[in-house]
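Before we start, here is the structure in question, set down as structure tokens.
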Amino acid sequence: MPQRGRGSEGRTNATMIMQVAVVLCLMLHLEYTHAAPQAVGDSSGWTFNSDSWPNGKHFRAGDVLLFNYDPNLHNVVAVDRGGYSSCTTPSGAKVFRSSKDRVRLGRGQNYFICSFPGHCESGMKVAINCVW
């Protein structure tokens, strides 16, 4: 039986660990690559009664929401739970106004409202829970 050098077993383990790490990185990259953008409100766009739009949909951290709207009539504000529930914009909240906003979702709860008077109260808001 041929004898191995002392370092050959260590190199084999290191090679296996490196291969596993590369495969895990590729899987993670593919996970985010397959995160297709989703238009809020589908073909209707970001409008009134959007609060039920997420029902039945599944979202993951890294997914991208597309908010399409007329910027003279609406905006998009990323808020916390309190801002979502009370339809108020907390100080320092991120306000989007481009009419074609792309927002990457974070893990956990994500809340968005329109801050134009009366719009959030008319259902122009979405709450999205993202799993890993």
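Scan the range 64-106 for residues that are among the acidic types (Asp, Glu) and touching a helix residue (DSSP H, G or I) at 6+ places or on another chain (Cβ under 9 Å) and jot them down. Walk me through how you get there before you give the answer.
Narrowing the range 64-106 to residues among the acidic types (Asp, Glu): 70, 80, 101.
If the condition is that a residue be among the acidic types (Asp, Glu) and touching a helix residue (DSSP H, G or I) at 6+ places or on another chain (Cβ under 9 Å), then no residue fits.
Across the range 64-92, which residue is surrounded by the most Cβ atoms within 10 Å (Cβ to Cβ) among those that are at pLDDT 95 or above and more than 16 Å from HIS119 (Cα to Cα)? Lay out the reasoning, then the answer.
Taking the range 64-92 as the starting set, the residues that turn out to be at pLDDT 95 or above are 64-89.
Going one step further and asking which of them are more than 16 Å from HIS119 (Cα to Cα), we end up with 64-66, 80-82.
Details: VAL64: 14, LEU65: 21, LEU66: 15, ASP80: 11, ARG81: 10, GLY82: 10.
Checked the range 64-92; the qualifying residue surrounded by the most Cβ atoms within 10 Å (Cβ to Cβ) is LEU65.
Identify all residues within the range 78-118 that are in contact with a Ser or Thr (Cβ under 9 Å, 6 or more places away or on another chain), farther than 20 Å from ASP63 by Cα and not small (Gly, Ala, Ser); write none if there are none.
CYS87, THR88, THR89, CYS114
Another question about this same structure. Mind checking which residues of the range 93-132 are surrounded by fewer than 15 Cβ atoms within 10 Å (Cβ to Cβ) and of a type in the set (Asp, Glu)?
Listed by number, the list holds a single entry, GLU121.
The values are calculated or read from the model by the stated rules, or taken from the named source; none is laboratory data. Keep in mind the model is a prediction, meaning the values are calculated, not measured. All Cβ positions, even for glycine, are placed from backbone atoms using ideal geometry, and neighbour counts span all protein chains on display.
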